[in-house]
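> Sharing a structure with you now.
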Amino acid sequence: MRWPLIASLLAFGCSLSLHASDSANVAALAESYDHPSLAPAARVEGLSIGIGHMTFELTSGSAAAVSAGNQIVGLFFRGTGRYVYETADTDEATIVAFESKKILGKTAEKQGDTLTIRSDFTELYLLTGKVPIPDLTAGGGGSLDEHFKKHQEKFSRVRLMPSSHLLIRQRLDRPVSLVAVAEIDAADAAVYVYDTIESKSEELIGFTHRREIANRELASAWFPAIVSEQPIGRSGRSFVEPAYLLADLDYTLTAGDREAATLSITETIVPRTIPQISYRFDLLSNVWDTNGRSRELHLLSVRDEAGHDVPFHFAKNSLIVGLPQKTKDPFKLHFEIAGDFLFHPHSDSFWELGTEAWFPQPDLNGQYYTIHSIVKVKQPYTAFAPGDTVARRQEGDYNVVENRLDKPVQFAVVLAGKYGVSEEKHEDITIRVATYASQNDHAMKQLSNLAYKMIKFYESWLGPFPFKEFNIIEIHELGFGQAPPATMFITKEAFNPLYGEDNQIFSKGINERFAHEIAHQYWGHVVKMGSAEEQWITEAFAEYSASLVIKRLRGQSSYDSLLSTWRANANDAARISPIPLANRLSVPEDQGRAFLDRTFLIYDKGAYILAVLNRQVGDTKFLTFMRSLQGMFAWKYLTTIDIAKVMQKVDDGKDYGPFFERYYWGTEMPTMPKN
Ligand SMILES: [Zn+2]
């Protein structure tokens with residue numbers, strides 16, 4: 001589970017289902033964690049609690065046992081304390097040193113390969129499964145009730161999923177596994193998570209604030225920032241087996257008047273690893289519209305295949321569902337969702353359900369679903385969803401579109417609005433271009449031809465284009481592109497020469513962005529990333545593929561100028577973090593800079609590494625390498641470990657381990673070999 005990534009958009013809405021008391025009642029359990037009770041406090045002195053690489057030293061003060069229902073689940077301490085956290089994971093050393101200072105204001109002390117972070121604290125709320133809690137029955141510590149209440153209020157601003165969801169999963173499905181969540185109140189507050197169940201890692205998380213935001217809830221929120229994340233009992237470089245796969249998504253979305261919608265969803269879940277009774281999903285509690293108003297998603301019901309209600313708890317962008325019994329066989333769940341979440345950005349005539357979790361879904365490593373969708377929108381809106389068109393029809397006031405996508409994908413999206421549509425069949429691929437507000441025949445024709453030309457170029461060395469229909473949809477904004485399956489969202493400068501390539505705000509030309517987004521159908525969908533650490537597999541590979549299009553269209557000098565931009569950008573950011581951990585970058589006083597550095601690493605340094613490899617081995621071997629990745633890992637998750645192995649195979653057995661060690665896992669910049 002990627003706590004901080006999930007967390008950046010959290011709301012505090014909460015809904016409960018208390019039906020079906022005979023099944024695993026995750027709703028009642030979550031309720032008991034939401035309303036914990038505190039025993040009388042005991043005086044403590046010189047007490048030490050060790051979990052993973054963390055030690056909490058309760059130097060002196062009072063502590064009381066915390067119960068959820070009738071079970072002791074942790075303790076609350078107040079007084080003088082100190083934590084000592086160590087990381088011995090050399091892959092993260094550079095970024096831990098950087099973020100420890102930026103986020104916690106602490107210098108991580110280096111000794112050998114170990115970095116140590118120490119901090120004093122005044123309060124500690126520790127929730128655990130299977131971590132022994134010291135005996136606190138001696139008394140003499142008075143009551144901590146008031147302080148405990150204040151602590152909970154304070155930490156309710158933390159935008160992380162409810163800790164109860166991890167603790168409940170441990171209690172119901174993995175009772176022998178150790179888990180812990182600790183809220184640490186200090187000059188710089190932090191949360192420590194020991195998760196042997198989902199992320200299989202331990203994390204030290206600090207917080208940043210965005211007090212300038214007009215919305216009061218967001219202005220007072222604590223946004224998580226990872227200081228350290230160490231794998232537990234696994235290599236940090238390998239694919240993490242998910243608890244389950246989302247294998248099929250079947251939904252009907254009905255857009256009502258204005259911005260109301262109902263979503264009726266049936267999901268096919270395939271459990272992995274052990275039989276489980278509880279299943280956790282990411283699901284947005286709300287979306288924020290462009291006026292800063294919160295639009296909630298109300299989860300009305302969760303039912304099993306027989307139509308029986310199953311208990312669930314939904315809060316802070318996380319949903320946990322309890323089945324009647326443990327299962328390792330595939331099963332279906334049915335969700336009903338309603339709300340006014342189809343907001344119109346800046347009051348424009350469209351809405352979008354994008355790549356965020358608008359339906360219940362696992363993390364990237366479990367998103368592997370085919371899609372059947374029916375989308376009903378009031379005329380004159382037209383809706384678009386990925387996949388083959390089963391039917392477009394009118395039903396009363398509604399325009400209806402039904403789609404089917406029979407390849408396993410991530411990132412299902414839907415968009416609808418006032419669009420002009422033109423469709424062209426180029427041999428085996430139908431390219432549909434949708435222009436915002438009006439029909440723009442000239443741009444449509446041009447973009448359709450350009451897309452097809454690029455697809456044909458990619459097919460010659462990446463293999464057949466993966467989808468029979470491809471939607472290119474104008475987004476009524478400036479400066480970005482996005483590539484959901486079988487889809488390109490691209491902003492208006494692609495459709496209008498007035499906003500065209502001379503626009504200096506966006507340094508890269510529209511052709512390059514267009515080529516990048518098309519390449520994502522290969523790098524991102526055919527071959528997938530299983531975690532945020534592997535994002536260069538989508539971004540750097542799409543970027544480099546696009547540069548080969550540019551070389552073909554514009555010649556060597558345009559390609560060379562892309563290379564020098566990448567090198568210059570990467571040089572700036574390389575020392576801060578290795579590529580795989582760049583998504584962790586957070587700089588409280590300058591998040592814009594942090595985002596830029598992240599981009600310079602994942603896109604620019606990543607693409608530059610590929611350019612160096614290309615120059616080293618020559619075009620023939622390099623294109624074989626790209627084609628082999630597409631062939632061997634088609635509709636699979638790819639890891640960088642496998643990338644190095646494939647490169648080795650293609651280059652006559654030469655060991656590429658050291659190359660990736662220095663430039664990908666490490667912070668060095670490679671040098672371009674002379675031609
Ligand atoms: Zn991209």
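> When you scan the range 315-351, how many residues do you find that are part of a strand (DSSP E or B), touching a helix residue (DSSP H, G or I) at 6+ places or on another chain (Cβ under 9 Å) and open to solvent by less than 30 Å² (accessible area, probe 1.4 Å)?
Of the residues in the range 315-351, 7 are part of a strand (DSSP E or B), touching a helix residue (DSSP H, G or I) at 6+ places or on another chain (Cβ under 9 Å) and open to solvent by less than 30 Å² (accessible area, probe 1.4 Å).
> Kindly evaluate E543 against the criterion of being farther than 29 Å from G666 by Cβ, buried (at least 23 other Cβ atoms within 10 Å of the Cβ), at pLDDT 95 or above and within 11 Å of the ligand (Cβ to nearest atom).
When the stated conditions are applied, E543 does not pass them.
> If only one of D502, D560, D572, D597 is more than 16 Å from the ligand (Cβ to nearest atom), part of a helix (DSSP H, G or I) and at pLDDT below 95, which one is it?
Step by step, each of D502, D560, D572, D597 is checked, and only D572 is more than 16 Å from the ligand (Cβ to nearest atom), part of a helix (DSSP H, G or I) and at pLDDT below 95.
> Every residue in the range 109-154 that is of a type in the set (A, V, I, L, M) and either at pLDDT 95 or above or under 17 Å from L38 (Cα atoms) (or both), please.
Once the filter is applied, which keeps residues that are of a type in the set (A, V, I, L, M) and either at pLDDT 95 or above or under 17 Å from L38 (Cα atoms) (or both), the range 109-154 yields L115, I117, L124, L126, L127, I133, L136, A138, L144.
> Please list, ordered by first then second residue, the pairs with beta carbon atoms under 9 Å, 6 or more apart or interchain, first in the range 507-528 and farther than 17 Å from G463 by Cα, second assigned to a loop (DSSP other than H, G, I, E, B) and more than 11 Å from the ligand (Cβ to nearest atom).
G509/G500; G509/E501; I510/G500; I510/E501; I510/N503; N511/E501; R513/F506
> Only one of (1) modelled with pLDDT of 95 or more; (2) part of a loop (DSSP other than H, G, I, E, B) is not met by T290, so which one is it?
(1)
> With F467, F457, F411 as the choices, which residue is assigned to a loop (DSSP other than H, G, I, E, B) and either open to solvent by 20 Å² or more (accessible area, probe 1.4 Å) or among the aliphatic types (A, V, I, L, M) (or both)?
Criteria check complete, one pass: F411.
Results for (1) farther than 30 Å from V409 by Cβ; (2) assigned by TED's automatic domain parsing to the domain that holds A568; (3) in contact (Cβ under 8 Å) with a residue 12 or more places away in the chain; (4) in contact with an Asp or Glu (Cβ under 8 Å, 6 or more places away or on another chain), shown as yes or no for each residue.
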site	(1), (2), (3), (4)
R627	no, yes, yes, no
A634	no, yes, yes, no
K645	no, yes, no, no
K649	no, yes, yes, no
D655	yes, yes, no, no
F659	yes, yes, yes, no
E668	yes, no, yes, no
K674	yes, no, no, no
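> Quick check: is even one residue across the range 25-38 touching a strand residue (DSSP E or B) at 6+ places or on another chain (Cβ under 6 Å) and assigned to a strand (DSSP E or B)?
Yes, the range 25-38 contains a residue that is touching a strand residue (DSSP E or B) at 6+ places or on another chain (Cβ under 6 Å) and assigned to a strand (DSSP E or B).
> OK, next. Would you mind telling me which numbered condition in (1) within 16 Å of the ligand (Cβ to nearest atom); (2) modelled with pLDDT of 95 or more; (3) open to solvent by less than 10 Å² (accessible area, probe 1.4 Å) A483 fails?
Unmet for A483, out of (1) within 16 Å of the ligand (Cβ to nearest atom); (2) modelled with pLDDT of 95 or more; (3) open to solvent by less than 10 Å² (accessible area, probe 1.4 Å): (3).
> Over 22 Å from T671 (Cβ atoms) and surrounded by 15 or more Cβ atoms within 10 Å (Cβ to Cβ), is that true of I602?
No: the conditions fail for I602.
> Here's something else I'd like to know. Grab the strands (runs of 3 or more DSSP E) fully contained in the range 54-152, keeping just those with 3 or more residues being open to solvent by 60 Å² or more (accessible area, probe 1.4 Å).
Once the strands (runs of 3 or more DSSP E) in the range 54-152 are filtered for at least 3 residues that are open to solvent by 60 Å² or more (accessible area, probe 1.4 Å), what remains is 71-87, 109-111, 114-129.
> In this structure, does A515 turn out to be small (G, A, S), within 16 Å of the ligand (Cβ to nearest atom) and under 20 Å from the mean Cα position of the chain (by Cα)?
No; evaluated as a whole, the condition is false for this residue.
> Is it fair to say L249 is at pLDDT below 95 and open to solvent by less than 40 Å² (accessible area, probe 1.4 Å)?
Considered against the rule, which asks whether it is at pLDDT below 95 and open to solvent by less than 40 Å² (accessible area, probe 1.4 Å), L249 comes out as no.
> Continuing with the same structure: Tally time: how many residues in the range 153-177 are more than 21 Å from V227 (Cβ to Cβ) and open to solvent by 40 Å² or more (accessible area, probe 1.4 Å)?
Counting residues in the range 153-177 that are more than 21 Å from V227 (Cβ to Cβ) and open to solvent by 40 Å² or more (accessible area, probe 1.4 Å) gives 7.
> Does the range 526-540 hold any residues that are assigned to a helix (DSSP H, G or I) and within 15 Å of the ligand (Cβ to nearest atom), and which are they?
Across the range 526-540, the qualifying residues are A532, E534, W536, I537, T538, E539, A540.
The values are calculated or read from the model by the stated rules, or taken from the named source; none is laboratory data. As the structure is a prediction and not an experimental result, all values here were calculated from the model. Heads up, the Cβs are rebuilt from the backbone with ideal geometry, glycines too, and the neighbour counts pull from every protein chain shown. Please note that ligands, DNA and RNA were not included when accessible areas were found on the heavy atoms of the full protein model with its side chains. Shrake-Rupley method; radii C 1.70, N 1.55, O 1.52, S 1.80 Å.
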